[in-house]
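> The structure follows.
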């Protein structure tokens, strides 16, 4: 969970730990930049992203000598998407630092006063911060000639044809004959967005036509503007707002306030703004915008506070890619209240019991919410959350909503305290709780609520790799009573499968063949597939190095396991407890009888097929997720890096590769497809992958000329 880290917390960390955290943060922010700017598919909220960036900047303030050109603070956004002509901006298109509270705002102001005493007398402009896609518009002699996305702040994507379809983009300035004469050259920055009503109507139209609907206005605007076919863009209700002159020729305004008036006079759309004589007026303007937030026709996540005097702004300079003279003063995450109708629980694959709230439906940020997480039973008790309560609900960006706490003043006396279950709601077995943890578990390996997920996980690529056996087939097998645990897979007959819907001779034979082949998987794969809490592919590979088979592992003591580097007391206890349970011993006996009993291959890292090789992955693979591919490579002795460099041996390329492919081609790094990866690892590619690929005879030598790029499958 992302939370706000203070400078004091960072100062308490030793230098090695702080450096490790710094490198982790850089990788994490780069990944979220890619999800947000390249894929238009973020996996965290803007608020959480802002906290990560704030922590990164704090560390760099403490250790400026650590800053490298690849730090996310040294650039804005992410590289341009493939498929568009690249456009170098005439001036840097900067990002903004963030303030999350009045204290943050005052601290920003005090820093500036110390840098330049003139700031103490400066006035400010407060503008709404639109939630859209930043664009740069070029005008020469009053005619719109080029439009680009922000990209990485230095280079953007040429979307001129698409921007011409946005009706609010002036094709010639001034639009009013009585307006001021245009300068010879003018570059304006703005934001493309979609209003709340237009977004709702667009989704209704898409749903009526049976097409996929969109999640939120920001991603819709970004995806619409970055269409390769401008005719698609023209069908989207995009709008524009402008707020900055990036550069230009002639006599240009000298203040932010005059800039907005000048842009408006030329015919550019500008938003309402506040001219504030001091910081107290800024705070009051922020509060007014916050109160108006829900009633506004567009989405905004805060306001932008700018020193009005542009010359003073320029004198204050830039930190990384953030201008000192302006800051984003962010709104709190959205909160609403609704009624808590019931508290129920989910039983996960590992048996973890997770409570969730059933709510009276409520709209939060354009989304109807009916369920929300309650984290764990301790959280419910500590917050005194009761069934029937009116509760505060928070939804920051597009993440799962959660209950903050009850509205105690709204209680009527009819609310009832929640009593956590003592037995699994699916199988009736008593729940297990480690006093050192907050979670409760059902430890019954045959629990029907867990069984489907356990079987699907057992058959997954990172475990026993049984092609075709996903969650849907696992559900059929469980519902038909054909399997009660993972070992039962190895006793299935063709006649059993033919009774299932959708199974004919060929499908049944293929599944049985896949199950039979899985008997030859190495010990680490079987250990992974057992689903022992806390034991994934990495820990499983470690256990394989020290135990010859499952009999030997089952005899391991707590002290023995804790002595292994990489295994702590919690995972050690989890392993010992798993093997002690009678149900699990019966599963192991059935596996052994079925011939599923691999003996550890005593491979050293140097003798494994991918030993000494460094891989980078780009694009979507057909048979593995990114994490599964990483585990696959590491299980065969290889290493996976996050970015392409001259030290990269191979780039694994899937569908829709990103900028890593271009970087690999520039550096001469060989590229391979998914089929080739399997063959290099000495494994047979799954049948769903078309035949193809070639296995390099020798790894590329880093001190030799680059080898030819290998062909991609398909």
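The values are calculated or read from the model by the stated rules, or taken from the named source; none is laboratory data. Being a predicted model, the structure only gives us computed values, none of them experimental. Methodologically, a virtual Cβ is constructed for each residue, glycine included, from the backbone with ideal geometry; neighbour enumeration extends over all protein chains shown.
> Can we say residue 449 is surrounded by 17 or more Cβ atoms within 10 Å (Cβ to Cβ) and assigned to a helix (DSSP H, G or I)?
Numbers: surrounded by 17 or more Cβ atoms within 10 Å (Cβ to Cβ): yes; assigned to a helix (DSSP H, G or I): yes.
Criteria met by residue 449.
> Given the stretch 1-101, what helices (runs of 4 or more DSSP H) lie entirely inside it while holding 3 or more residues that are modelled with pLDDT of 90 or more? So that I can check it myself, show each step before the final result.
Numbers: elements: 7-11, 15-33, 46-62.
Fully inside the stretch 1-101 and qualifying: 15-33, 46-62.
> Taking the stretch 380-431 on its own, how many of its residues are free of Cβ contacts under 8 Å to residues at least 24 places away in the same chain and closer than 25 Å to residue 349 by Cβ?
Number satisfying all stated conditions: 6.
> From the residues in the stretch 124-150 that are in contact with a strand residue (DSSP E or B) (Cβ under 6 Å, 6 or more places away or on another chain) and part of a loop (DSSP other than H, G, I, E, B), which one is modelled with the lowest pLDDT?
For the stretch 124-150, the residue satisfying everything is 131.
> Look through 675, 653 and report the one residue that is surrounded by 19 or more Cβ atoms within 10 Å (Cβ to Cβ) and touching a strand residue (DSSP E or B) at 6+ places or on another chain (Cβ under 6 Å).
Only one candidate qualifies: 653.
> Right, another one. Are any of the residues in the stretch 386-397 closer than 23 Å to residue 442 by Cβ and at pLDDT 95 or above?
Taking every residue of the stretch 386-397 in turn, at least one turns out to be closer than 23 Å to residue 442 by Cβ and at pLDDT 95 or above.
> Based on what the data block shows, is residue 483 under 24 Å from residue 597 (Cα atoms), more than 34 Å from the chain's Cα centre (by Cα), not assigned by TED's automatic domain parsing to the domain that holds residue 683 and not in a helix (DSSP H, G or I)?
Yes; evaluated as a whole, the condition is true for this residue.
> Do we have any residue at all in the stretch 186-195 that's loosely packed, with under 15 Cβ neighbours inside 10 Å, touching a helix residue (DSSP H, G or I) at 6+ places or on another chain (Cβ under 9 Å) and part of a loop (DSSP other than H, G, I, E, B)?
No, the stretch 186-195 contains no residue that is loosely packed, with under 15 Cβ neighbours inside 10 Å, touching a helix residue (DSSP H, G or I) at 6+ places or on another chain (Cβ under 9 Å) and part of a loop (DSSP other than H, G, I, E, B).
> Let me ask something else. Go through 205, 211 for me and flag whichever is free of Cβ contacts under 8 Å to residues at least 12 places away in the same chain, more than 29 Å from residue 72 (Cα to Cα) and part of a helix (DSSP H, G or I).
Selected residue: 205, the only one of 205, 211 that is free of Cβ contacts under 8 Å to residues at least 12 places away in the same chain, more than 29 Å from residue 72 (Cα to Cα) and part of a helix (DSSP H, G or I).
> Give me a count of the residues in the stretch 281-312 that are without any contact (Cβ under 8 Å) to a residue 40 or more places away in the chain, farther than 15 Å from residue 99 by Cα and either more than 28 Å from the chain's Cα centre (by Cα) or not assigned by TED's automatic domain parsing to the domain that holds residue 191 (or both).
Matching residues across the stretch 281-312 total 5.
> Which condition number in (1) closer than 27 Å to residue 297 by Cβ; (2) buried (at least 19 other Cβ atoms within 10 Å of the Cβ); (3) touching a helix residue (DSSP H, G or I) at 6+ places or on another chain (Cβ under 6 Å) is the one that residue 148 fails?
(3) is the only condition that residue 148 fails.
> Assigned to a helix (DSSP H, G or I) and within 27 Å of the chain's Cα centre (by Cα), is that true of residue 161? Reasoning before the result, please.
Values: assigned to a helix (DSSP H, G or I): yes; within 27 Å of the chain's Cα centre (by Cα): no.
No: the conditions fail for residue 161.
> Would it be correct to say that residue 362 is in contact with a strand residue (DSSP E or B) (Cβ under 6 Å, 6 or more places away or on another chain), part of a strand (DSSP E or B) and exposed (fewer than 15 other Cβ atoms within 10 Å of the Cβ)?
It is false that residue 362 is in contact with a strand residue (DSSP E or B) (Cβ under 6 Å, 6 or more places away or on another chain), part of a strand (DSSP E or B) and exposed (fewer than 15 other Cβ atoms within 10 Å of the Cβ).
> Another question about this same structure. Out of curiosity, is residue 531 assigned by TED's automatic domain parsing to the domain that holds residue 584, under 22 Å from residue 436 (Cβ atoms) and part of a loop (DSSP other than H, G, I, E, B)?
Taking the combined requirement at face value, the residue satisfies it.
> Given (1) closer than 18 Å to residue 247 by Cβ; (2) within 31 Å of the chain's Cα centre (by Cα), where does residue 146 come up short, assuming only one miss?
The single condition residue 146 does not satisfy is (2).
> Could I ask something else about it? Given the conditions (1) assigned to a strand (DSSP E or B); (2) at positive phi, which single one is not true for residue 250?
For residue 250, the failing item is (1).
> Shifting gears a bit: I'd like the full set of residues that are assigned to a helix (DSSP H, G or I), more than 38 Å from the chain's Cα centre (by Cα) and either farther than 18 Å from residue 686 by Cβ or in contact (Cβ under 8 Å) with a residue 60 or more places away in the chain (or both), limited to the stretch 489-516.
491, 494, 495, 496, 497, 498, 505, listed by residue number.
> Could we say that residue 262 is in contact with a helix residue (DSSP H, G or I) (Cβ under 7 Å, 6 or more places away or on another chain), crowded, with 16+ Cβ neighbours inside 10 Å and not in a strand (DSSP E or B) here?
Considered against the rule, which asks whether it is in contact with a helix residue (DSSP H, G or I) (Cβ under 7 Å, 6 or more places away or on another chain), crowded, with 16+ Cβ neighbours inside 10 Å and not in a strand (DSSP E or B), residue 262 comes out as no.
> Does residue 257 satisfy the criteria of being in a helix (DSSP H, G or I), within 30 Å of residue 202 (Cα to Cα) and in contact (Cβ under 8 Å) with a residue 24 or more places away in the chain?
Answer is no for this residue.
> Show the residue pairs meeting these rules: Cβ distance below 7 Å; 6+ apart or different chains; first residue within the stretch 458-486 and on the phi > 0 side of the Ramachandran plot; second residue assigned to a loop (DSSP other than H, G, I, E, B).
465/521
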